[in-house]
Protein chains: 2
Amino acid sequence: MTLVLDALPGVPEIRPGDDLAALLAGRLELGPSDVLAVAHKVVSKAEGRVRSLADVEPGDRAHALAAEHGKDPRHVQVILDESVELVRADRGRLICRTRHGFVCANAGVDRSNTGEADAVLLPEHPDASAAALRDALGVGAVVITDSWGRPWRQGQVEVAIGCAGLAPVVDLRSAADRDGRALAATVIAIADEVAAAADLVRGKASGEPAVRVRGLANYLIEGTSGGAAALVRPPEDDLFR
Amino acid sequence: MTLVLDALPGVPEIRPGDDLAALLAGRLELGPSDVLAVAHKVVSKAEGRVRSLADVEPGDRAHALAAEHGKDPRHVQVILDESVELVRADRGRLICRTRHGFVCANAGVDRSNTGEADAVLLPEHPDASAAALRDALGVGAVVITDSWGRPWRQGQVEVAIGCAGLAPVVDLRSAADRDGRALAATVIAIADEVAAAADLVRGKASGEPAVRVRGLANYLIEGTSGGAAALVRPPEDDLFR
C-alpha cells in the first residue's frame, strides 16, 4: 500500500459566504477514492463562523479570567460562548470542552490568519460540514482538521474535528496478532492520523488549507456513520477531567 | 510538495540480538533524503528489551495494583520497573511516566505480538537507537514510534518516542501569518505527525514495522540535535499531572 499526499495549490483567501467547494474544486484531480483533509479555518470562514471582537461585550467571568490570565476579555468571552466547561485555566491557558465535546485550548477559537474578522470559531456541525464538502466535491471522504496541543507533549498536532466517508476509528481488537493472541486495546484513530499526515505537506502560513490523500480506500465507508464525534471520549470514561 | 509513504515489505519476525538494520535494508530503495518510521517493538526486540513474565517476582505494590485493576501482578511489576511515576491508576488503566519522561499507558510495556518473550519494553535510549539505525541504513532520518491513547479522545495514534535526523518540533512562532500578525502558539510536533502518517500504511498484525516516507527533506537536520526527548513537555509546564 502506498500513501500519496499533495496540497491543493492556489486556494485563495476564503471569506464569509464563499462557496468553499467551488474554490477547492479543479486545483487537483479529485476522485471517489480520494480523501481531502481541510483545515477548519476555511470551513469556518465560509460558513460565517467568525466574530468581530469589536462587537463582543465581555461579562464578569470573562473580565475576571482575562485579568487573571493576561488575555483580551473580549477574546475570553468568545471562548466562553463556545464552551460548555472550562476544564483547566492555568498560566494563561484556557482548556475548554466545546459544545461538540472536544477538549482543546481556547475552545478552538483562533485569532491568527483571520483577515477582517478577529476570531474564527470551530464549525458548528463539523461532521455535517465534512459531508457537504464530500458530496459537493465527489471525493470519497473529507476530514476537517484543527491544530491541538496535548498534555505531556510539546508541540501541536493536527487532529480531526469533522469527518465524512472515512472510518474515524478502526477497531482491531477482534483481530488476532501473529501469535494468535488478541491485540490489546488497539483502536486506531484513523481520522486523527490522516489529519496529522496532511499537516506535513502544507505550510501554516502559505495558504494551503486542503490536502488530497490517496491510498486510503481501505478506510472509506459508505453513508453517514462515524464522523469525528466518534473520536470524543465520553467524559465518564476519562481519567483527566 | 508531495509526501509518499510505503511500508517495507517482507520484514521477518525480529528476535533479541538480531541486526535490525541488516533485516530492514534492501527491501525498498533508501536514500539520504528519506525518513524511515520504525515501530518500536522491533527495535526493542533486537535490543533485547524484553522480559519473560515467568522470571518476574511481583512486589507488594504490584500485587495490590494488580488486584485492584484486574491485571497480572507480574505485568504490573514490569510496568512499575519502567516507571518513575504512576500518574493515574483508574479502572484497569495504569498511566505512567517512564524514565524517558513519556506519559503513556503501562509505561509502554506491550504484551501483544511478543513471540517467546511475554513483555516488550520501550528501548532504553530511543533517540540513540534512532541515530544508530539512521547511520546504519544511510537514510536522512529515523523516527521510532509507539501507539498511545490520549485523554479526551477515543482511539490510539502513533507517536514518536525516538528521533534522529528530523526536526522533532518546528517552531513557527517567529513567522508572521499572512496578515502580518504573529502566529500564536504554533509549534508543530513534526515527528509525531510523521509517526501518525506512517501508521496509515501498515497493518498492525501484518508484520510491516517500517515505513519509508519521502518528501520531508525540508524537515531534515544535521547532527544529533533534537531527538524525541524534545517532545516531552516539562512536568512543571503541564496542566494535567
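Out of (1) within 14 Å of chain B (Cβ to nearest Cβ); (2) more than 20 Å from the chain's Cα centre (by Cα), the odd one out for residue A:30 is which?
Status for residue A:30: all satisfied but (1).
Which of the residues belonging to the stretch A:76-111 are facing chain B (nearest Cβ under 8 Å) and in contact with a Gly (Cβ under 9 Å, 6 or more places away or on another chain)?
Hits for the stretch A:76-111 are A:93, A:95, A:102, A:105.
Within the stretch B:163-180, can one find any residue that is modelled with pLDDT of 95 or more, closer than 29 Å to residue A:75 by Cα and either at the interface with chain A (Cβ under 7 Å from one of its Cβ atoms) or not in a loop (DSSP other than H, G, I, E, B) (or both)?
No, the stretch B:163-180 contains no residue that is modelled with pLDDT of 95 or more, closer than 29 Å to residue A:75 by Cα and either at the interface with chain A (Cβ under 7 Å from one of its Cβ atoms) or not in a loop (DSSP other than H, G, I, E, B) (or both).
Restricting to the stretch B:223-236, what's the tally of residues that are over 20 Å from the mean Cα position of the chain (by Cα) and either within 23 Å of residue B:4 (Cβ to Cβ) or at the interface with chain A (Cβ under 8 Å from one of its Cβ atoms) (or both)?
Of all residues in the stretch B:223-236, those over 20 Å from the mean Cα position of the chain (by Cα) come to B:223, B:236.
Applying the additional criterion that residues be either within 23 Å of residue B:4 (Cβ to Cβ) or at the interface with chain A (Cβ under 8 Å from one of its Cβ atoms) (or both) yields none.
Result for the stretch B:223-236: 0.
Just to check your reading of the model, which residue among B:90, B:19, B:34 is over 20 Å from residue B:144 (Cα atoms) and either assigned by TED's automatic domain parsing to the domain that holds residue B:192 or not hydrophobic (A, V, I, L, M, F, W, C) (or both)? Don't jump to the end; show me each part of the working.
Working: B:19 fails: over 20 Å from residue B:144 (Cα atoms); B:34 fails: over 20 Å from residue B:144 (Cα atoms).
Exactly one of B:90, B:19, B:34 is over 20 Å from residue B:144 (Cα atoms) and either assigned by TED's automatic domain parsing to the domain that holds residue B:192 or not hydrophobic (A, V, I, L, M, F, W, C) (or both), namely B:90.
Being exposed (fewer than 14 other Cβ atoms within 10 Å of the Cβ) and part of a loop (DSSP other than H, G, I, E, B) is the filter here; which residues of the stretch B:60-98 pass it?
Correct list: B:70, B:91, B:92.
Which residue is modelled with the lowest pLDDT, if the candidates are limited to the stretch B:181-209 and must be out of contact with any Asp or Glu (no Cβ under 9 Å at 6 or more places or on another chain), part of a loop (DSSP other than H, G, I, E, B) and buried (at least 19 other Cβ atoms within 10 Å of the Cβ)?
The residue in question is B:208.
Can you tell me which residue among B:136, B:130 is surrounded by fewer than 23 Cβ atoms within 10 Å (Cβ to Cβ), among the hydrophobic types (A, V, I, L, M, F, W, C), more than 23 Å from residue A:194 (Cα to Cα) and assigned by TED's automatic domain parsing to the domain that holds residue B:211? Before the answer, list the steps.
Numbers: B:130 fails: surrounded by fewer than 23 Cβ atoms within 10 Å (Cβ to Cβ).
Result: B:136 is the single residue among B:136, B:130 that is surrounded by fewer than 23 Cβ atoms within 10 Å (Cβ to Cβ), among the hydrophobic types (A, V, I, L, M, F, W, C), more than 23 Å from residue A:194 (Cα to Cα) and assigned by TED's automatic domain parsing to the domain that holds residue B:211.
Which condition from (1) surrounded by fewer than 22 Cβ atoms within 10 Å (Cβ to Cβ); (2) under 23 Å from residue B:234 (Cα atoms); (3) within 9 Å of chain A (Cβ to nearest Cβ) is the one that residue B:125 breaks?
(3)
Can we say residue B:135 is at pLDDT 95 or above, within 12 Å of the chain's Cα centre (by Cα) and not in a strand (DSSP E or B)? Quick ask: steps written out before the conclusion?
Working: at pLDDT 95 or above: yes; within 12 Å of the chain's Cα centre (by Cα): no; not in a strand (DSSP E or B): yes.
In short, no.
Report, by residue number, each residue of the stretch A:33-59 that is part of a helix (DSSP H, G or I) and over 19 Å from the mean Cα position of the chain (by Cα). Spell out the reasoning first.
To start, the set of residues in the stretch A:33-59 that are part of a helix (DSSP H, G or I) comprises A:40-46, A:53-55.
Of everything in the stretch A:33-59, those that are part of a helix (DSSP H, G or I) and over 19 Å from the mean Cα position of the chain (by Cα) turn out to be A:53, A:54, A:55.
Any residue in the stretch B:3-17 that is out of contact with any Asp or Glu (no Cβ under 8 Å at 6 or more places or on another chain), of a type outside the set (Phe, Trp, Tyr) and part of a helix (DSSP H, G or I)?
no
Working carefully through the options B:32, B:12, find the one that is surrounded by fewer than 21 Cβ atoms within 10 Å (Cβ to Cβ), in contact with a Gly (Cβ under 9 Å, 6 or more places away or on another chain) and more than 30 Å from residue B:81 (Cβ to Cβ). Steps first, answer last, please.
Working: B:12 fails: more than 30 Å from residue B:81 (Cβ to Cβ).
None of the others qualify; the one that does is B:32.
The values are calculated or read from the model by the stated rules, or taken from the named source; none is laboratory data. Model, not experiment: these values are computed from the prediction. Don't worry about glycine lacking a Cβ; one is built from the backbone with ideal geometry, like all the others, and counts go over all protein chains shown.
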